[in-house]
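Following: one structure in structure tokens, then a few remarks.
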Amino acid sequence: MQHDYWQQVSPASYRVGRVPNGNGLDLKSKLWVLDDIVASQFSASAHRIDAVAATRGRGRAPYVKVRVYEAGHAEIQEASGPGHYLLRPGDVHFIDQSRPWSARYARHSQKTLIIPHALIGYRPSEHPIARTIKGTTPAGRILNYSIKAYYASLEKGDADNAGLLAALEAALNGALGVSRRADVRAATITAMRRFALETPISQDVSAESVARDFGVSRASVFRAFADDGGLGRFRLGVKLDRAHDALAGQPQRRGHVSELASEMGFSSTAHFSDAFQNRFGVRPSEASKLIPSTLVPDLAPVNDPNDLEDTLRWSLKAIARTTG
């Protein structure tokens, strides 16, 4: 699949340039080449791209980009029509690669999946060049947190894209909230668990709020966290794991344990200390002997951050060599 994609959407398919008054391009990127899809994590300063050559010579490229902006935004203009689209953070965007378009990007960071049309039932004739599913809707939340969970699994090397692809297809068909497919239900559970993991400790998370935000029943929420002893115990584990990260391998500081207990919402330092010992086998005051969690490495900067076009060309050619 990847070799076909890079043959059809080659670096020559994109003309990259600076925006007026720009100060050069500052690019960081990471790429995963998988059996069915390509995943990327990307940040860059403001620039523009014209995707106009993808339909020339080598035929149309039957792929769609599924993108989530973490910061910044982009504007896409249809090359042969009036379509103009604003792509904002938090929403999930489907950007067709079989039709020409141009885009202007503010400084931004984003995650993008490059997926064959057929894998998610994407039909260009039924969608605009850029289709957006709002992140504030149940479907948007399911997709957003499914994508976050997917990228976390990529970092660990155990990614399985079946549930995510099924959820994307169901969302395109407007059936994400009502689908009875097992892989769609699995993706919804994964999304709810990721939401419960990432939501700040200071924010209340209840079965009722999760059911409302994800468009599922309270029974579905209970099933999603049944193996953890319920949503409440899952969130307790999140609190304790974050406390572990704050204490492990760090020199003791007077008052730090009580500060953490308050920050994590425990009723007392003693309650926090007991819960911490039950989970990790030591008191918080002894946590300096624990090993800190492994941090995910940052995006790697390119060799020449002033030349985005050369970077794209190098990346795509490298993938073509490894997958050809």
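A short reminder: the numbers here are calculations on the coordinates, not readings from a lab. The structure presented is a predicted model; accordingly, all values stated were derived computationally and were not measured. Please note: Cβ atoms are built from the backbone with ideal geometry, for glycine as well, and neighbour counts cover all protein chains shown.
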Given the structure, is Arg194 in contact (Cβ under 8 Å) with a residue 24 or more places away in the chain and touching a strand residue (DSSP E or B) at 6+ places or on another chain (Cβ under 6 Å)?
-> no
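Mind listing just one residue for me: the one in the stretch 150-181 that is hydroxyl-bearing (Ser, Thr, Tyr) and out of contact with any helix residue (DSSP H, G or I) (no Cβ under 8 Å at 6 or more places or on another chain) and, of those, surrounded by the fewest Cβ atoms within 10 Å (Cβ to Cβ)?
Among residues in the stretch 150-181 that are hydroxyl-bearing (Ser, Thr, Tyr) and out of contact with any helix residue (DSSP H, G or I) (no Cβ under 8 Å at 6 or more places or on another chain), the one surrounded by the fewest Cβ atoms within 10 Å (Cβ to Cβ) is Ser153.
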Residues located in the stretch 214-250, provided they are hydrophobic (A, V, I, L, M, F, W, C), more than 24 Å from the chain's Cα centre (by Cα) and part of a loop (DSSP other than H, G, I, E, B) = Ala248
Among the strands (runs of 3 or more DSSP E) lying completely within the stretch 99-149, list those that include at least 1 residues that are in contact with a helix residue (DSSP H, G or I) (Cβ under 8 Å, 6 or more places away or on another chain) and under 22 Å from Arg185 (Cα atoms).
-> 108-116, 130-133
Would you point out which residue out of Arg141, Arg67, Arg99 is crowded, with 18+ Cβ neighbours inside 10 Å and more than 22 Å from the chain's Cα centre (by Cα)?
-> Arg99
Looking at the stretch 199-212, is at least one residue out of contact with any Pro (no Cβ under 7 Å at 6 or more places or on another chain), outside any loop (DSSP other than H, G, I, E, B) and touching a residue at least 40 places away in the same chain (Cβ under 8 Å)?
-> no
Given the conditions (1) in contact with a Lys or Arg (Cβ under 7 Å, 6 or more places away or on another chain); (2) free of Cβ contacts under 8 Å to residues at least 12 places away in the same chain, every one holds for Gly232 apart from (1)
